[in-house]
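Visitor: First the structure, which I've put down as structure tokens, then a few questions once you've had a look.
The values are calculated or read from the model by the stated rules, or taken from the named source; none is laboratory data. Every value quoted in this text rests on a predicted model; they were computed, and no experiment measured them. All Cβ positions, glycine included, derive from the backbone under ideal geometry; neighbour counts span all protein chains shown. SASA here: full protein model, heavy atoms, side chains in, ligands and nucleic acids out. Shrake-Rupley method; radii C 1.70, N 1.55, O 1.52, S 1.80 Å.
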Amino acid sequence: NKHNNVSLCRFLEGNKLVKTMIKDVSKYAGEEVTIGGWLANKRSSGKIAFLQLRDGSGFIQGVVVKEDVGEEVFAKAKGLTQESSLYVIGTVQKDERSPFGYELVVKDLEVIQESKDYPITPKAHGTEFLMDNRHLWLRSKRQHAVMQIRNEIIRATYEFFNENGFSKVDPPILTGSAPEGTSELFATKYFDEDAYLSQSGQLYMEAAAMALGKVFSFGPTFRAEKSKTRRHLIEFWMIEPEMAFYDFEDNLEVQEQYVSHIVQSVLKNCTLQLNTLGRDVSKLENIKAPFPRITYDDAIKFLHEKGFDDIQWGDDFGAPHETAIAESYDKPVFITHYPTGIKPFYMQPDPNRSDVVLCADLIAPEGYGEIIGGSQRIHDYDFLKQRIEEHQLDLDAYKWYLELRQYGSVPHSGFGLGLERTVAWISGVEHVRETIPFPRLLNRLYP
Ligand code: 4AD
């Protein structure tokens, strides 16, 4: 009976029991350790078997030499099937050739559960098949690397904002109003009322900034966008900082420092993962503040010079436009001062020119598109009320938001960074579907 722990105890009895994780094996060079893991892949001959083992923390090669382990253990190793779970006992040995620097010279092993006919074989599979098997695909070396880079970006995000005096505040996910317009909202019932899934926590973060000064949120965001591109998810995660007494310029500085911090953290702490993904790290090394800036006006001129005659002043940029602009820089670039007419009601117009607003989008290099949208917010009560009316929004729904401008209003700014697009860019992964554990896409709600 493989379900009970008895067989495990008997197996481990008499062996020196140093339980470790693969990422920590370097601490045990020359020593005998036990690892619980899965068989990712295997090669074997009549005399030697090479086991690609994984345990969630990393991958390591286990070497099983028939002459050393004897017939019985060698037969167990040779019979291992892909994704069977097992305990392995072996000695950690330095090995320059392995990407990890170490391998495990196996002494004994015990299968916990034998996996039969694992659907994702080492051969190439189509994307739809892999997406149908996302619950298993996550185990692959590539997906593991992307998820670890995602985790490092999240870690570095908390580090950056905590070190810079921000408090984390969690805005609601069920909301009664719609900051970015109603067309892309998921509606649901809230008992007898209508409610919407959050498409941005910004308005709540503005309230929080008036209470706590500098705040950031990190949460799920829902957009019923009928876009099927490599940059669009229906459910994605957004980091939204908001700062009282910060103007447009201050806002850009926070953004370039934050983005530099996450890129440099990934470079420092995810060398193995970037290597697994074949990422050209020379494209990341120079990502350090300050970032270049171009106004919307100049971007339009630039695009006309490049022969894009499909775009006029007042139009929003599409992916090809963003890519063309980004190609002129080796760092992310801010496009600033967009026309007032194509941006949301809450953005502060430029005091010298009311036809543009104090906003910026940050465009990642290498065609990854917009990763941040941000702006200085209108803080004058009468003007904000006028803008809400001009946009034909329900004044009652924005009563509380307007009140922020009645009780000690101050200039303030903030932005939203899309986590998955940022992971895609830093990892060098083509499509955002690989940057979130279980992507919700236009035609996919499973698994
Ligand atoms: O530019 P957006 O719509 O900005 C806001 O929602 C502001 N209220 C944020 C703020 O100022 N607090 O979205 C911000 C970022 C985009 O730059 C992009 O990275 C990401 O969110 N994003 C998406 N990511 C994946 N799939 C989608 N459908 C996305 N839509 C936006």
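Visitor: Among 323, 127, 295, determine the one that fluctuates most according to a GNM of the chain built with springs between C-alpha atoms less than 10 Å apart.
Guide: 127
Visitor: I've got another one for you. Toward the positive end of the charge dipole of the chain, about the Cα centre and with charges on Cβ (Lys, Arg +1; Asp, Glu -1), which of 174, 34, 160 goes farthest?
Guide: With unit charges placed on the Cβ atoms, the residue in question is 34.
Visitor: Normalising by the residue count of the stretch 6-113, find the relative contact order in percent from Cα pairs under 8 Å and 6+ residues apart. All intermediate terms of the calculation are to be shown ahead of the outcome.
Guide: Working: 228 pairs, mean separation 29.5, N = 108.
Computed over the stretch 6-113, the figure is 27 percent.
Visitor: Can you pull the Kirkwood radius for the chain, inverse mean 1/r over Cα pairs, to one decimal in Å?
Guide: On the way: mean 1/r = 0.0402 Å⁻¹.
One over the average 1/r among Cα pairs gives 24.9 Å for the chain.
Visitor: What nm value, rounded to one decimal, do you get for the distance between residue 136 and residue 31 when each label is placed 7 Å out toward the C-beta?
Guide: Here the modelled spin labels are 3.7 nm apart.
Visitor: Based on the Cβ-Cβ distance from residue 116 to residue 430, what FRET efficiency comes out when R0 is 45 Å, to the nearest 0.05? Before the final figure, lay out the partial values.
Guide: Values: r = 33 Å, r/R0 = 0.72.
Using R0 = 45 Å, I get an efficiency of 0.85.
Visitor: Let me ask something additional. For the chain, what is the charge dipole size about the Cα centre, in debye to the nearest 20, if Lys and Arg each add +1 at the Cβ and Asp and Glu each add -1 at the Cβ?
Guide: 2220
Visitor: While we're on this one: Over the stretch 121-203, with the other protein chains present, what is the accessible area per residue in square angstrom, probe 1.4 angstrom?
Guide: Numbers: 4360 Å² over 83 residues.
Value returned for the stretch 121-203: 52 Å² of accessible area per residue.
Visitor: Could you tell me which of rounded, prolate or oblate describes the stretch 6-113, using a ≥ b ≥ c as the square roots of the eigenvalues of the alpha-carbon gyration tensor, with rounded for a/c under 1.5 and, failing that, prolate when a/b is larger than b/c and oblate otherwise?
Guide: Numbers: a/c = 1.31, a/b = 1.09, b/c = 1.20.
Rounded, since a/c falls under 1.5.
Visitor: Under 1.5 on a/c is rounded, so check that first for the stretch 295-346, then, if it is not, pick prolate when a/b is larger than b/c and oblate when it is not; a ≥ b ≥ c are the square roots of the alpha carbon gyration tensor eigenvalues.
Guide: oblate
Visitor: Quote the FRET efficiency, to the nearest 0.05, computed for residue 78 versus residue 123 with a Förster distance R0 of 35 Å and r equal to the Cβ-Cβ distance. Please list the in-between numbers first.
Guide: Numbers: r = 21 Å, r/R0 = 0.59.
E between residue 78 and residue 123, to the nearest 0.05, is 0.95.
Visitor: Decide, for the stretch 74-127, between rounded, prolate and oblate: order the square roots of the alpha carbon gyration tensor eigenvalues as a ≥ b ≥ c, take rounded if a/c falls under 1.5, and otherwise choose prolate if a/b is larger than b/c, else oblate. Mind dumping the intermediate values first?
Guide: On the way: a/c = 2.88, a/b = 1.28, b/c = 2.24.
Oblate, since a/c reaches 1.5 and b/c is not below a/b.
Visitor: Continuing with the same structure: Could you work out the relative contact order of the chain? I mean the mean sequence separation of Cα pairs under 8 Å and 6+ apart, divided by the number of residues, in percent.
Guide: So the answer I get is 13 percent.
Visitor: What distance in nm separates the two pseudo spin-label positions at residue 275 and residue 445, each 7 Å out from Cα along the beta-carbon direction?
Guide: That separation, rounded to one decimal, is 4.3 nm.
Visitor: Just the ratio, please: alpha-carbon radius of gyration of the stretch 382-447 over 2.2 N^0.38 Å, N its number of residues.
Guide: For the stretch 382-447, the normalised Cα radius of gyration comes out at 1.78.
Visitor: Gain in length, residue 354 to residue 45, computed as 0.36 nm per residue apart minus the alpha-carbon separation, to one decimal in nm? Display every interim value, and only then the final one.
Guide: Values: separation 309, 0.36 × 309 = 111.24 nm, distance 7.47 nm.
Once the chain is fully extended between residue 354 and residue 45, it gains 103.8 nm.
Visitor: Another one. Tell me the mean residue ellipticity at 222 nm calculated for the chain from its helices only (DSSP H runs of n ≥ 4, each -39500 (n - 2.57), averaged over every residue, nearest 500).
Guide: -8500 deg cm²/dmol
Visitor: Greater than 31 Å separation of Cα atoms is the criterion. Which listed pairs, 47/141; 42/226; 268/306, meet it? Intermediate results must be reported in sequence, preceding the final value.
Guide: Numbers: 47/141 27 Å; 42/226 43 Å; 268/306 37 Å.
42/226; 268/306, as the Cα separations exceed 31 Å there.
Visitor: Cross-link candidates for residue 385: which lysines have Cα within less than 18 Å, leaving aside residues fewer than 8 places away along the same chain?
Guide: Counting by Cα, and skipping residues close in sequence, residue 385 has these lysines nearby: 343, 399.
Visitor: Along the Cα-to-C-beta direction of residue 224, a point sits 7 Å from the Cα; which residues of the stretch 431-447 have their amide N less than 20 Å from that point?
Guide: Answer for the stretch 431-447: 440-446.
Visitor: Stretched out fully, how many nm does the piece from residue 264 to residue 394 gain, at 0.36 nm a residue minus the Cα gap? Intermediate results must be reported in sequence, preceding the final value.
Guide: Values: separation 130, 0.36 × 130 = 46.80 nm, distance 4.38 nm.
In short, 42.4 nm is gained.
Visitor: Would you look at the GNM of the chain, springs on alpha carbons closer than 10 Å, and say which of 126, 278, 201 moves the most?
Guide: 126
Visitor: How far apart, in nm, are two points set 7 Å out from the Cα along the Cα-to-Cβ line at residue 93 and at residue 282?
Guide: 3.6
Visitor: For the stretch 17-57, what is the charge dipole size about the Cα centre, in debye to the nearest 20, if Lys and Arg each add +1 at the Cβ and Asp and Glu each add -1 at the Cβ? Walk me through the numbers before you get to the answer.
Guide: On the way: 7 positive and 4 negative charges, 45 e Å.
My answer is approximately 220 debye.
Visitor: Right, something else. Could you work out which residue, out of 149, 335, 35, moves most in a Gaussian network model of the chain, that is, has the largest mean-square fluctuation with Cα springs under 10 Å?
Guide: 35
Visitor: Residue farthest toward the positive end of the dipole of the chain, with Cβ of Lys/Arg at +1 and Asp/Glu at -1: which of 407, 443, 112?
Guide: 112
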